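Heads up: the structure comes next, in structure tokens.
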Amino acid sequence: MSYDFQATESKWQKIWDDKKTFEVETNSEKPKFYCLEMFPYPSGALHMGHVRNYSMGDMLARFLRKRGMNVLYPMGFDAFGMPAENAAIKYKTKPHDWTWQNIEYMTEQLKRMGYSYDWRRRVESCSPLYYRWNQWLFLQMHRRGLIYRKQAPVNWCEKCGTVLANEQVVSGECWRCGTPVTKKNLEQWFIKITDYAQELLDNIDTELKGWPERVRIMQRNWIGRSEGAKLSFELPELDYTIDAFTTRFDTVYGITFIALAPEHELVHKIISRMPESESRAIIDFVARCSAQSSIERSDAGGEKLGLKTPFFGKHPVTGKPIPIWIANYILMDYGTGAIMGVPAHDQRDFEFARKYDIEIIPVIQPEGEHLDGKTMKVAFVDDGTSCNSGEFDGLPTQKAIEAMIDWGEKNAYCAREVNFRLRDWLISRQRYWGTPIPFVHCPKCGFVPVPEEQLPVLLPEDVEVTDVGRSPLLDIPEWLETTCPVCGSPARREADTMDTFFCSSWYFDRYCSSIAPERYDKGAFDPKDTDYWMPVDQYIGGIEHACLHLIYARFFTMFLSDIGLLKKDLREPFTNLLTQGMVIKDGAKMSKSLGNVVDPTEIVNKYGADTVRLFILFAAPPQNDLDWSEEGVEGASRFLSRVWRFVEDNLDDLKNSPDERVPMASLTETAYRDFKRKIHNTILSVTRDIDVEKQFNTAIARLMELTNALYTFKASDTAARALRREAVDTLLSCLSPFSPHITEELWQMLGHDTLLSITPWPTEDVAALAADSVVVVVQFNGKVRVKMTLPAGLDEAKLKETVMNDPQVKERLSGVEIVKTIVVPDKLVNIVVKG
RNA sequence: GCCGGGGUGGCGGAAUGGUAGACGCAGUGGAUUCAAAAUCCACCGGGGGCAACUCCGUGGGAGUUCGAGUCUCCCCCUCGGCACCA
């Protein structure tokens, strides 16, 4: 009988389901382990990236279960978002219907892969049972002053018809559709994530040791802390004070201009103070800047454009009048939107000054050189020695910065300040398919929160989406029109919805206690459950979330901890993070436009889930990109067939072999002892590869080696047959997290009445690990010349003596002089010779 | 420009400073077969040699070491992140 993977896989999926094998509870004698994958967007069907991600997670979950842990392993759907709206238009359906269909279909696909989720905990973020708690959490943030509305230049994607958070602008383009992002001046909802900037930064070093270094660096850069000082320029003419931030207060004596961002509020004031004939130029210049796209505006190589105003600010230290310019390279959303221009020591300021003929005054001299503002070719931005800086002349840069800031603070020229690159989270979206922001706009009271007891603010489901540019919520008067919770006057609901990253920032807390439906009414989750399960011990997902989801979720955890919903000391949600590489084909990411997409369903139909899972974990280490190859899949399939065939061909003999371990001490024959050693070395290295190294590909390689050894080993007597049985049981048990169905079937065929999926992981027998003999390499001047098989455990002297007496070694030593001999017991002897 | 990965056979990839290329894919030769598929056996970095064997070889160059894919420095290429952040 050859192996029927279809029948076998559905057979065992049903058994696990019937026996509730993978359901877990909050209380257990066993230690807990929370294994989590980033939940998918229900786009319609699983793709290979999902299969790779979840095959890793499931393998770990199954491994740890066998290792005696109480493993929480849940799955759900990140179900709000743009694609549902686009699909609704394209297929003439409703976002709600399309999304739920996809959820059910993808759940079936996941079940066919044999993933061991506790399905009772499934979360769907588009369900009112879930998003009402988004709204509740939003109100909690509002109560604590973390939510505000602000008019500001924000990122706008024309194609999506909505604003975007900073994190969602990737190289100047929309993260979802690639449209170049422009700036629009709009009033929007923000979350004060910057309140947590310092802790988000500090914890990277102290709490995120189990994260890839790459992600830690990306987050550190994203948060972007810089220390410096704020200084102010008085502008008595306009009764105004310009603040500017600098990290180089040691260059204050070199200030020769002030530059404002075109969006700076002072620009408006300046315009209003000038006769119309003169202000025209400024108005035109500002318009010209705002017409530039984000990419153009933020291109360091781009042309620096400026316009001089007739106004001057007073230098805080010298009192000299400094001309005020407006410049396109000043960003409104970093620092104060105004800078002190020091062209001698800042390349951007330098280029600007050269172009507009502004004076350049060097105040730092490099070692052994003398810079002259008239002849400098580039700004000098490195450390040097201060000059033209009053009493600070002669100080090296680092000392000058310290001394001058101290002095500046004492004389009220400046104040120490820390600036972050991280901005507040723009949370509102002008979209329909999302969580309604629970606010009402009252003409009398302004924006008023919806009272908690009125939650959820339901999202109408029976809605036709016809135009991507306009939220249909604006056209449903019976939803939009309401009364003010404060004064009772007619009022309008906020029609903006939340960024979907809000949903994904706490779903892992919900998994901890989403079993009984009635719990939905008690809270977002039950602290009893999160206290037990959180933090997530192993999180697995794509690197693309390094500065998106993985920052937002960290912020949420800190917030939830601060309001007492999570434990006080639970500040970080994910202890260990594994970022898996992409699945590529023919050197490129799988994409419809390239036509190189491989559908997991087709492959599973052809080869079975066990084979696909095994291949996808074997073909590359987890972090690397994985090149899809059907020949590789066939290789994995061949391996499983070899395992199947071995058990089937020897079934009667294996069933009748003694099913207990043969002690190493009782084995005398070399072949037996070697085979026994092979079995236990396999256990040792597979365990280490999975648990410590997270190198699943080499774990599988070890199991292939054991299988090869199994085919070679001759089971001629009782001891050998017992050994062979031991090897088969070990192989199946270690292979079961990778390919759970076929191994479960073989386990049953061998007569076991336990489920292999929850049979304890084998432990290695230390007595079986020690080698009897070793190959000792004899090197001459570091080059391998002779190999000798010798008994293990010879001490240095004995080993050296044995080697020196070897005829081949002796022959090579004739006529040369031994300078030195290095002896590494059980490994090598290196003879350094001359002549 | 700044920061970070990474360069090992035809390919994916292995190697606590100690035999480079585990395991797999592809390939070659053979067995089996009427034939094929499947399976099994052997070979499989390059040069030289009938052979024993020998020389070269982990992007390039230097260095540390008895010994370097692995450590140090310089350079090249490549992928990724950030990028006018004051």
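Data overview
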| read-out | value |
| --- | --- |
| Selection from the range A:620-636 of residues that are open to solvent by less than 50 Å² (accessible area, probe 1.4 Å) and either farther than 19 Å from A:Asp58 by Cβ or near RNA strand B (Cβ under 6 Å from one of its atoms) (or both) | A:Ala620, A:Pro621, A:Trp628, A:Ser629, A:Gly632, A:Gly635 |
| Single residue of A:Phe675, A:Phe646 found to be in a helix (DSSP H, G or I), free of Cβ contacts under 8 Å to residues at least 60 places away in the same chain, aromatic (Phe, Trp, Tyr) and in contact with a Leu (Cβ under 9 Å, 6 or more places away or on another chain) | A:Phe675 |
| Residue tally, condition more than 11 Å from RNA strand B (Cβ to nearest atom) and open to solvent by 50 Å² or more (accessible area, probe 1.4 Å), over the range A:169-185 | 6 |
| Subset tally (residues that are within 14 Å of RNA strand B (Cβ to nearest atom), surrounded by fewer than 14 Cβ atoms within 10 Å (Cβ to Cβ) and either within 28 Å of A:Glu669 (Cβ to Cβ) or free of Cβ contacts under 8 Å to residues at least 40 places away in the same chain (or both)) for the range A:773-816 | 12 |
| Filter result for A:Glu104 (free of Cβ contacts under 8 Å to residues at least 12 places away in the same chain and within 28 Å of the chain's Cα centre (by Cα)) | yes |
| Identity of the residue in the range A:202-220, open to solvent by 60 Å² or more (accessible area, probe 1.4 Å) and either touching a helix residue (DSSP H, G or I) at 6+ places or on another chain (Cβ under 6 Å) or without any contact (Cβ under 8 Å) to a residue 40 or more places away in the chain (or both), that ends up farthest from A:Leu578 (Cα to Cα) | A:Asp202 |
| Which listed residue, of A:Glu278, A:Glu265, A:Glu237, is of a type outside the set (S, T, N, Q), surrounded by fewer than 19 Cβ atoms within 10 Å (Cβ to Cβ) and touching a Lys or Arg at 6+ places or on another chain (Cβ under 9 Å) | A:Glu237 |
| The range A:396-433, subset in a loop (DSSP other than H, G, I, E, B) and open to solvent by 50 Å² or more (accessible area, probe 1.4 Å), residue farthest from A:Arg493 (Cα to Cα) | A:Asn411 |
| Matching residues, the range A:241-262, being away from RNA strand B (no atom under 14 Å from the Cβ) and surrounded by fewer than 17 Cβ atoms within 10 Å (Cβ to Cβ) | A:Thr241 |
| From the options A:Ser593, A:Ser513, residue that is out of contact with any His (no Cβ under 9 Å at 6 or more places or on another chain), assigned to a loop (DSSP other than H, G, I, E, B), of a type in the set (S, T, N, Q) and farther than 28 Å from A:Met69 by Cα | A:Ser593 |
| Cross-chain or 6+ apart pairs with Cβ under 9 Å, the range A:146-168 first and more than 14 Å from RNA strand B (Cβ to nearest atom), then assigned to a helix (DSSP H, G or I) and open to solvent by 40 Å² or more (accessible area, probe 1.4 Å) | A:Leu146/A:Asp195; A:Tyr148/A:His142 |
| Filter pass, A:Trp189 being more than 13 Å from RNA strand B (Cβ to nearest atom) and either closer than 28 Å to A:Leu565 by Cα or in contact with a strand residue (DSSP E or B) (Cβ under 8 Å, 6 or more places away or on another chain) (or both) | yes |
| One residue from A:Val829, A:Val803, A:Val823 being touching a helix residue (DSSP H, G or I) at 6+ places or on another chain (Cβ under 7 Å) and either part of a helix (DSSP H, G or I) or of a type in the set (S, T, N, Q) (or both) | A:Val803 |
| Subset of the range A:691-701 that is closer than 26 Å to A:Val662 by Cα and buried (at least 21 other Cβ atoms within 10 Å of the Cβ) - its residue that is nearest to RNA strand B (Cβ to nearest atom) | A:Ile700 |
| Flag if A:Ala344 is more than 11 Å from RNA strand B (Cβ to nearest atom), open to solvent by less than 60 Å² (accessible area, probe 1.4 Å), within 30 Å of A:Gly394 (Cβ to Cβ) and under 42 Å from the mean Cα position of the chain (by Cα) | yes |
| The range A:658-682 - residue that is away from RNA strand B (no atom under 16 Å from the Cβ) and within 28 Å of A:Phe33 (Cβ to Cβ) and, of those, modelled with the highest pLDDT | A:His680 |
| Candidate set: the range A:578-613, residues that are polar (S, T, N, Q) and touching a Gly at 6+ places or on another chain (Cβ under 7 Å); chosen: the one surrounded by the fewest Cβ atoms within 10 Å (Cβ to Cβ) | A:Thr579 |
| Yes/no for A:Ile103 being of a type in the set (A, V, I, L, M, F, W, C), in contact with a Pro (Cβ under 8 Å, 6 or more places away or on another chain), closer than 22 Å to A:Val463 by Cα and not in a loop (DSSP other than H, G, I, E, B) | yes |
| Filter result (of a type in the set (Val, Ile, Thr) and at pLDDT 95 or above) within the range A:538-578 | A:Ile540, A:Ile551, A:Thr557, A:Ile563, A:Thr575 |
| Hits in the range A:456-506 (condition: touching a Lys or Arg at 6+ places or on another chain (Cβ under 9 Å) and assigned to a strand (DSSP E or B)) | A:Glu481, A:Thr482, A:Ala491, A:Thr497, A:Met498 |
| Residue, surrounded by the fewest Cβ atoms within 10 Å (Cβ to Cβ), within the range A:702-746, restricted to residues that are within 16 Å of RNA strand B (Cβ to nearest atom) and assigned to a loop (DSSP other than H, G, I, E, B) | A:Lys714 |
| Matching entry among A:Lys528, A:Lys522 (being more than 23 Å from A:Cys160 (Cα to Cα), open to solvent by 20 Å² or more (accessible area, probe 1.4 Å) and touching a residue at least 12 places away in the same chain (Cβ under 8 Å)) | A:Lys528 |
| Single residue of A:Lys308, A:Lys304 found to be basic (Lys, Arg), away from RNA strand B (no atom under 16 Å from the Cβ) and either at pLDDT 85 or above or not in a loop (DSSP other than H, G, I, E, B) (or both) | A:Lys308 |
| Verdict on A:Ala767 being touching a residue at least 60 places away in the same chain (Cβ under 8 Å), within 50 Å of the chain's Cα centre (by Cα), away from RNA strand B (no atom under 14 Å from the Cβ) and open to solvent by 40 Å² or more (accessible area, probe 1.4 Å) | yes |
| Selection from the range A:386-395 of residues that are touching a Gly at 6+ places or on another chain (Cβ under 9 Å) and open to solvent by 50 Å² or more (accessible area, probe 1.4 Å) | A:Asn388 |
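The values are calculated or read from the model by the stated rules, or taken from the named source; none is laboratory data. Everything quoted here is computed from the prediction, not taken from an experiment. In this analysis, Cβ positions are derived from the backbone assuming ideal geometry, glycine residues included, and neighbour counts consider all displayed protein chains. The protein model used for the area step is the full one, side chains on, heavy atoms only, and it has no ligands, DNA or RNA in it. Shrake-Rupley method; radii C 1.70, N 1.55, O 1.52, S 1.80 Å.
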